[in-house]
1. Restricting to region A:127-167, name every residue that is within 21 Å of A:Tyr78 (Cβ to Cβ) and either part of a helix (DSSP H, G or I) or open to solvent by 20 Å² or more (accessible area, probe 1.4 Å) (or both).
2. Within region A:95-112, is even one residue on the phi > 0 side of the Ramachandran plot, open to solvent by less than 50 Å² (accessible area, probe 1.4 Å) and under 15 Å from the mean Cα position of the chain (by Cα)?
3. Here's a check for you: in region A:1-28, which residue that is in contact with a Pro (Cβ under 7 Å, 6 or more places away or on another chain) and assigned to a strand (DSSP E or B) is most open to solvent (accessible area, probe 1.4 Å)?
4. Step by step: first the residues of region B:66-105, then only those that are among the acidic types (Asp, Glu) and facing another protein chain (nearest Cβ under 9 Å), then the one that is least open to solvent (accessible area, probe 1.4 Å). Which residue is that?
5. When the residues of region B:19-56 are narrowed to those that are among the aliphatic types (A, V, I, L, M) and in contact with an Asp or Glu (Cβ under 8 Å, 6 or more places away or on another chain), which ends up most open to solvent (accessible area, probe 1.4 Å)?
6. Being in contact (Cβ under 8 Å) with a residue 12 or more places away in the chain, open to solvent by 10 Å² or more (accessible area, probe 1.4 Å) and out of contact with any helix residue (DSSP H, G or I) (no Cβ under 6 Å at 6 or more places or on another chain): is that true of A:Lys77 here?
Amino acid sequence: MAPVLYMQDVSPPVRSVLLTAEALGLKLEKKVVDLSKKEHLTDNFLKLNPQHTIPTLDDNGTVVWDSHAINEYLVEKYGKNDSLYPKDLAKRAVVNQRLHFDSGVIFSWLRYIVRSYKYKGRKELTEDQIEHLEESYSLLESFLKGHQWVAGDSVTIADFSLVTNITSLTLLYPVNPEKYPNIINWIKRAEGLPYYKVHLEGLQSFKKMFQEMLK
Amino acid sequence: MAPTLYMIPPSPPVRSVLMTAKALGLTLNEKIINFPAGEHLQPEYLKLNPQHTVPTLVDDDGFAVWDSNAINPYLIGKYAKDDSLYPQDLQKRAIVDQRLHFNGSVAFGAVAGIVRCILYEGKTCLDDNDKTRVEQVYAFLEAFLDDGKPWMAGDCLTVADYNLYATVSAGDVLVPIDGQKYPKVATWFDKVGNLPEAEATKKGLAIFESLISSKLQ
């Protein structure tokens, strides 16, 4: 049976899993969990994932959450080779650091900013948020220096996580092409991947959600 | 030659690397980074780690990696006698990986955010918001432990226990773990704290405690 993905396509981490699955040629059974209707807080969902986040994967009884853990699991289990998540210890350590940069820095800020708009009614970014976003973009720019992809010269799941978050973040705070040409070129490179389009519908949903919050 | 660890003793992520290294019987060459003097922003350090954080590990072949959640699995993969601390089994590993990402983003995010305000922005006491943030971490960990398994990622001690212990021990300085509200977390915390490898974290934790208490009123 196809693994089940509890998801909502507005979420960038969900979209990183969609990219990974598409890259692997893996079919997922998608089950929508509407966060706005608090479907993530039902007893059934909490039993599955006490952290009540999406994406959550149920692979025939193996339950995994956190998009980074899900993507690592999917590549290891279904990948024909290890290119998306190299087994070589040193290469893997670099990918892992980029994945933790994504969860600890990039997505943390995105989540914090979206929440301040959604639940505190903010209509613009604070100075503090802008400063941190600039620092985050600057770090990503340095990771991409001399490389095609964020963890080296091959695309990995670190690119999937970061590109879905950054393309969402850039709608809130644009990536300046003069300051961050590496990031702009990397996004263009990602757009050229044959499976990239699988995240575009969700990106549009995110854009729409954000425009609604600004009203 | 021993791998080099760029560090400062009170940092929770640094302490998790010290704990992991001790568990592996691995000697690290510890080099303290002088943050007040801006040593982390010097070109030599930025070459190793453009994110200019600690810990940063430089292995004996010159390979550099940072972020304790990436360093520790690397050390285990390279130096451990078996895979128990970071299982090869996909299901078990996925749980450990999720715990590590929870540690890096949610748990450490909460603790570091408050510590930054105390050390650099003149915060002298914790408000309700701060307490809620840390307690939310404890509440999630209590839920993760709800399956009755002894360790944070299941039946066996793993790197998830080390990394979360290091973060939670700092959290506990800010907002002590309420054993009535979070009995499983309290039990787990004591258990991990009594492991021989936890000894490697105690000196840094004492420095952390002293730093924080000197700033709080």
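The values are calculated or read from the model by the stated rules, or taken from the named source; none is laboratory data. Worth saying up front: this structure is predicted, and the values here are computed from it rather than measured. No Cβ is skipped: glycine too gets one built from the backbone with ideal geometry, and neighbour counts run over all protein chains shown. Quick note on the areas: whole protein, heavy atoms, side chains included, nothing else; ligands and nucleic acids left out. Shrake-Rupley method; radii C 1.70, N 1.55, O 1.52, S 1.80 Å.
1. First pass over region A:127-167, keeping only residues within 21 Å of A:Tyr78 (Cβ to Cβ): A:149, A:151, A:154-161, A:163-164.
Result: A:Trp149, A:Ala151, A:Ser154, A:Val155, A:Ile157, A:Ala158, A:Asp159, A:Phe160, A:Ser161, A:Val163, A:Thr164.
2. Of the residues in region A:95-112, the ones on the phi > 0 side of the Ramachandran plot are none.
No, region A:95-112 contains no residue that is on the phi > 0 side of the Ramachandran plot, open to solvent by less than 50 Å² (accessible area, probe 1.4 Å) and under 15 Å from the mean Cα position of the chain (by Cα).
3. The qualifying residue most open to solvent (accessible area, probe 1.4 Å) is A:Tyr6.
4. First, the residues of region B:66-105 that are among the acidic types (Asp, Glu): B:67, B:82-83, B:89, B:97.
Narrowing further to those that are facing another protein chain (nearest Cβ under 9 Å): B:67, B:97.
Numbers: B:Asp67: 35, B:Asp97: 10 Å².
That would be B:Asp97.
5. Let us first name the residues in region B:19-56 that are among the aliphatic types (A, V, I, L, M), namely B:19, B:21, B:23-24, B:26, B:28, B:32-33, B:37, B:41, B:46, B:48, B:54.
Filter once more, keeping what is in contact with an Asp or Glu (Cβ under 8 Å, 6 or more places away or on another chain): B:19, B:23, B:33.
On the way: B:Met19: 0, B:Ala23: 43, B:Ile33: 6 Å².
Taking the candidates together, the pick is B:Ala23.
6. Values: in contact (Cβ under 8 Å) with a residue 12 or more places away in the chain: yes; open to solvent by 10 Å² or more (accessible area, probe 1.4 Å): yes; out of contact with any helix residue (DSSP H, G or I) (no Cβ under 6 Å at 6 or more places or on another chain): no.
No; evaluated as a whole, the condition is false for this residue.
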